[in-house]
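I have placed the structure first, in the form of structure tokens, so that the comments after it can refer back to it.
The values are calculated or read from the model by the stated rules, or taken from the named source; none is laboratory data. Remember, predicted model here, so these are calculated numbers, not experimental data. For neighbour counting, all protein chains shown are included, and Cβ atoms are generated from backbone atoms with ideal geometry for every residue, glycine included.
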Amino acid sequence: MVQKRNEKNMDNFDNNLTHRYEEFTQGHAQFRCQLLESLPADQWAVEPAVGKWPSFVGVKLRFAIRAAMAAAAVFAIFLGATSLLSPGTEEPQAAWATAIEKTTQLQSIHFIMTTPNGGKGSSVEMWWRRPGSFRMEIGGFVQTSNGHKRYNYNDKANVLVVSDAEGPGPEMAILSELGGLFFSEAYTLSGDVTNKSEVLSCEDVIYKGESCLKIVSTMNGDRFEYILDKKEQLIYEVKRFSGMSGKLMSHVVVLEADKEIPESMFEIEAKGGKVIDRRLKK
Amino acid sequence: MSVSDATLVLKTLEGDKAAFGELYDRYAALIRAICYDVTRNVTGAQDLGQEVFLRAYVKLNKLADPDRFGPWLVGMARNVCREYIRGRLRDRHVLAGLNPAETITAQKSDSDEQLLDLKEAISKLNEQERLALHVYYLQEQDAEQAQKILGVSRSGLYRLLAKARKKIEKYIGNPES
């Protein structure tokens, strides 16, 4: 029965897709009128007032999310650089492209990102594992997903909200700039990172007694500095500096890459009126 | 022969709102589809879509290459969607604080099973694959236009579409996978 239904679905694949997309054309004329009527008269002198944080949003969370967004671009590059070849064997830009391709092989990563933000900064610790599992700890707020369910846990209030993991989730607040990286699609990464980043310099440095590489690049106007272990080709840290002010915007320290992360990190249970987060040992 | 996006952009910048209306006709459905990927409801997608076009209109004079209006608009839609995601995250946080319920499970509202299967399957695709489907099916299956918006080669586009189709078929064949 189910099989028959599925075969029928496949036979009508294109028709179904066309039908599905018709939904987005409904009411078009009405929306068009509304839009044209609402266009500002002095159009290019007006800036839209959208995307502001309402006052009731927690300050810490605001900083954390902003920091997370800022880190997204950083990670696009540092992940690419995890397998950057030693300079001299290739031109930096070519090595960069190679690294981008190799990035798609990364299966998991654990890192801490901090933002100075004039002394008011915060930190986000994140674990991520292909294809869609993650855990973010932002102050007393924990978000996880095992790919099927998404868990939002307020540690202080001891409240757990569980929902289906459908489409882009809150992790995209951090990862959105990475395009398809965390969905193992190399071309998406190439589009978002390869075409926008440029390696400015690559030099040998001693970092904490180790022989390392310091790579400087730009992307979207910002400057990035990476410290890579030459032998292990591991990232020690990444810094992003604002292209406008030159100030340090974020500082990423990678703790682990391609290490096994237990499933319990991505799930939070609720039993007998208590929330059980194994990571937090509750 | 239709007027190019670049011409319509320039006309808009000269004060011709009807030209912007034409750009709206070309891209509104696509933008709503992109917004739907995060709102998961049509009404929300329509609202976000309007927001995208309003923002695009206000910032149109900052578009460096008028011929790239499509990709620029899609990029703007993705930014608006990111803001929506942040807002959704915030709302959930507030909800958690107000509601002492231990666990709240999200509800689905769609009733059309076949369409629901397809929607679910599309939602399982990665962002680039979804975008490829949206562009292809909402831009009258114009491969050249789709390539331009996605920033991929023709073979890249067809690879994306083939992958998307394969994943959808697999999902519909076995929704539990």
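B:A106 fails exactly one of the following numbered conditions: (1) modelled with pLDDT of 65 or more; (2) in a loop (DSSP other than H, G, I, E, B); (3) over 17 Å from A:T18 (Cα atoms). What is the number of that condition? All conditions are met except number (1). Being modelled with pLDDT of 80 or more, touching a Leu at 6+ places or on another chain (Cβ under 6 Å) and not acidic (D, E) is a property that A:V216 has.
Filtering segment A:2-28 to residues that are of a type in the set (K, R) and at pLDDT below 75 leaves A:K4, A:R5, A:K8.
Scanning segment B:155-177 for residues being at pLDDT 85 or above and not charged (D, E, K, R) gives a total of 9. In the set (1) outside any helix (DSSP H, G or I); (2) at pLDDT 90 or above, B:A64 fails one condition alone, (2). Kindly indicate whether any position in segment B:131-148 is exposed (fewer than 13 other Cβ atoms within 10 Å of the Cβ) and at pLDDT below 85. There is at least one residue in segment B:131-148 that is exposed (fewer than 13 other Cβ atoms within 10 Å of the Cβ) and at pLDDT below 85. Of all residues in segment B:122-135, those that are more than 10 Å from B:L30 (Cβ to Cβ) and in a helix (DSSP H, G or I) total 8. Filtered by the rule that a residue be at the interface with another protein chain (Cβ under 7 Å from one of its Cβ atoms) and crowded, with 21+ Cβ neighbours inside 10 Å, segment B:52-78 gives B:F53, B:Y57.
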